[in-house]
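Worksheet for the structure shown next.
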Amino acid sequence: MKEGKGGKVWKGRFRTPLHPEALQFSSCLCVDRRLYKEDIEGSIAHVSMLAKQEILTRKEADKIVRALEQIEKEIESRKFKLDSPATSSDRFVAEDVHMAIEARLFKKIGPLAGKLHTARSRNDQVALDERLYLKRTSTEIMESIRSLQRAFVTVAEKFQDVLMPGYTHMQRAQPVLLAHHLLAYVYMLDRDHDRFRDCLKRIDASPLGAAALAGTSFPIDRKRTARMLGLSNIVYNSMDAVSDRDVQIEFLSACSITQMHLSRLAEELLLWSSQEWRFAEIAEEFTTGSSIMPQKRNPDIAELVRGKTGRVYGSLMGMLTMMKGLPLAYNRDLQEDKSFLFDAADTTTDSLRMCTLMMESIHFQSERFTKELRSDFLLATELADFLVRKGLPFRTAHACVGEAVALASDRRCSLSDLTLPEYRKISKLFDESLYKLLDPRTSIELKRSVGSTSPAEVKADIRGWRKRLW
Ligand code: ARG
């Protein structure tokens, strides 16, 4: 048999080869070549199962497996380059990674290579490769999330006593502990972690054996291949197995939500490190200079985390749009899914790493926080609560303290500068003890509710996370 027949897998049916530009247009080798490990792993499991089921002889299977193992090494040592069609020096130009590997196999062992594809189609093959990739990548992303959580807990612990203004509507609202603010991110990231773990349950199934769409007449053992690949289940319905990409979409949404959280962190780092706020200093290693303004130190890395969030959302939207209205079963449109997956996974992984490095080296200017707390009305709610404890309905108390705030702001003074007679003019319920409340530390220490910014709660929370994450 000539090489051509082994290389070009559908050659028999055609008189004219694919137009070179059409091949260029349709090849995805430059994207999917990074699935070579998963592809070879899947092929080895498939061929071993074929031997076990006596569809191939043990000798044939062993020969194929050995050659596949060699190919993996050749790819790693760059002896065999998975180049895109335009640059391939090979006479045979591969359309995707599956065909490139099969062609190499043919070169090594001749027509026997053709037996690898018994009871299999690239449709179930690619679906399997992606699941193996997603399983590994989700696990890695989950570990990266844990590292970032640990960085947050370490900083929270280090700056445990620092108070800061908490914001709503970007306006100073009430004093909170910086640690409490930082721990909010630990919770967001924990849910991100759970989302990946949850989607792993559905990723963890093998589509192999679905063949093109209808299954196969060979007596294969789908569960055996799944087990060999460390997958807990099989995607039962063969048409579903080759045509859906919902687990990929779940993965992309988990990436998008994580990235959304990271972009919020990035934005806060940007605000906090600005000249206007000066709450935090991002380590020099994560900032750049300006080519024209010598004084500048730009927080590019945080900006890029914020900016790259758009790419991840784009991948999710791209994938959803590509899938919309696709009839069953496999359609070539599906080939586009890999660039979405890889781009989102890489961006999320890199952004998590950058945020971890920035959090590990961030410096908070505790004095700045204290200074900012002194100058305004963040404690007004404490005064309202004081009146409520004396029996006033909250809405009335709110109005009374509102009057005091208006008076102080007209006078450009703080709440503690108003005299007791002035307070008593607003409400007879005020007494001397109100002044004790006009201290940010008292305010947080008065907090009683579970999950509040009270130092006792925050301390216990840090202790809890320390136990969980280390
Ligand atoms: N490169 C293809 C993809 O990624 C592999 C499956 C091709 N199947 C086919 N029948 N042309 O989707």
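The values are calculated or read from the model by the stated rules, or taken from the named source; none is laboratory data. Here the structure is a predicted model, which means the values were calculated and not measured. Positions of Cβ are backbone-derived with ideal geometry, glycine not excepted, and every protein chain shown enters the neighbour counts.
Restricting the first member to segment 18-45 and to residues that are within 11 Å of the ligand (Cβ to nearest atom), and the second to residues that are outside any helix (DSSP H, G or I) and modelled with pLDDT under 90, the beta-carbon pairs closer than 8 Å and six or more apart or on different chains are 26/18; 27/84; 27/93; 27/94; 29/83; 29/84; 29/94. In segment 148-172, the residues that are in contact (Cβ under 8 Å) with a residue 40 or more places away in the chain form Cβ pairs under 6 Å with partners that are β-branched (Val, Ile, Thr), at six or more places apart or across chains, as follows: 148/356; 149/186; 151/356; 152/186; 156/462; 157/462; 166/176.
Among the criteria (1) within 18 Å of residue 120 (Cα to Cα); (2) surrounded by 13 or more Cβ atoms within 10 Å (Cβ to Cβ); (3) at pLDDT below 95, the one residue 48 does not fulfil is (3).
Cβ-Cβ distances below 8 Å connect the following pairs, each with a first residue in segment 324-347 that is closer than 13 Å to residue 251 by Cα and in contact (Cβ under 8 Å) with a residue 12 or more places away in the chain, a second residue that is within 15 Å of the ligand (Cβ to nearest atom) and charged (D, E, K, R), and a separation of six or more residues or different chains: 337/130; 337/245; 338/32; 338/130; 341/130; 342/34. Residue by residue through segment 74-90, note down the ones that are outside any helix (DSSP H, G or I), at pLDDT 90 or above and away from the ligand (no atom under 16 Å from the Cβ). Correct list: 77, 78, 79, 80, 81. Would you say residue 136 is within 30 Å of residue 236 (Cβ to Cβ), within 15 Å of the ligand (Cβ to nearest atom) and out of contact with any Cys (no Cβ under 8 Å at 6 or more places or on another chain)? Considered against the rule, which asks whether it is within 30 Å of residue 236 (Cβ to Cβ), within 15 Å of the ligand (Cβ to nearest atom) and out of contact with any Cys (no Cβ under 8 Å at 6 or more places or on another chain), residue 136 comes out as no. Among the conditions (1) in contact with a helix residue (DSSP H, G or I) (Cβ under 8 Å, 6 or more places away or on another chain); (2) modelled with pLDDT of 95 or more; (3) of a type outside the set (Lys, Arg); (4) under 30 Å from residue 152 (Cα atoms), residue 382 misses just one, which is (2).
Annotation: of all residues in segment 160-173 being part of a strand (DSSP E or B) and touching a helix residue (DSSP H, G or I) at 6+ places or on another chain (Cβ under 6 Å), the one that is surrounded by the fewest Cβ atoms within 10 Å (Cβ to Cβ) is 165.
State which residue is nearest to the chain's Cα centre (by Cα) when the search covers only segment 427-440 and only residues that are closer than 16 Å to residue 379 by Cβ and surrounded by 13 or more Cβ atoms within 10 Å (Cβ to Cβ). Result: 440. Would you list the helices (runs of 4 or more DSSP H) that sit entirely within segment 324-419 and hold 3 or more residues that are surrounded by 13 or more Cβ atoms within 10 Å (Cβ to Cβ) and of a type in the set (A, V, I, L, M, F, W, C)? Helices (runs of 4 or more DSSP H) meeting the threshold: 337-361, 380-389, 394-411.
Of the residues making up segment 342-366, just one is closer than 27 Å to residue 28 by Cβ and among the aromatic types (Phe, Trp, Tyr), namely 342. Per this entry, residue 321 is not counted among residues that are away from the ligand (no atom under 16 Å from the Cβ), closer than 30 Å to residue 141 by Cα, under 23 Å from the mean Cα position of the chain (by Cα) and touching a residue at least 40 places away in the same chain (Cβ under 8 Å). Filtering segment 435-456 to residues that are touching a Ser or Thr at 6+ places or on another chain (Cβ under 9 Å) and assigned to a helix (DSSP H, G or I) leaves 435, 436, 437, 440, 443, 444, 445. Residue 43 meets the conditions (1) surrounded by 19 or more Cβ atoms within 10 Å (Cβ to Cβ); (2) touching a Lys or Arg at 6+ places or on another chain (Cβ under 8 Å); (3) small (Gly, Ala, Ser) in every case but one. The failed one is (2).
Taken as a whole, the condition of being away from the ligand (no atom under 16 Å from the Cβ), small (Gly, Ala, Ser) and more than 24 Å from the chain's Cα centre (by Cα) does not apply to residue 310. For segment 91-120, a residue qualifies if it is within 13 Å of the ligand (Cβ to nearest atom) and surrounded by fewer than 21 Cβ atoms within 10 Å (Cβ to Cβ), and the qualifying residues are 95, 99, 117.
Residues in segment 263-283 that are touching a Lys or Arg at 6+ places or on another chain (Cβ under 9 Å) and of a type in the set (Ser, Thr, Tyr): 263, 273. From the list 212, 179, the lone residue that is over 19 Å from the mean Cα position of the chain (by Cα), in contact (Cβ under 8 Å) with a residue 60 or more places away in the chain and closer than 30 Å to residue 159 by Cβ is 179.
Applying the criterion of at least 2 residues that are in contact with a helix residue (DSSP H, G or I) (Cβ under 9 Å, 6 or more places away or on another chain) and closer than 18 Å to residue 138 by Cα to the helices (runs of 4 or more DSSP H) found wholly in segment 201-307 leaves 246-272.
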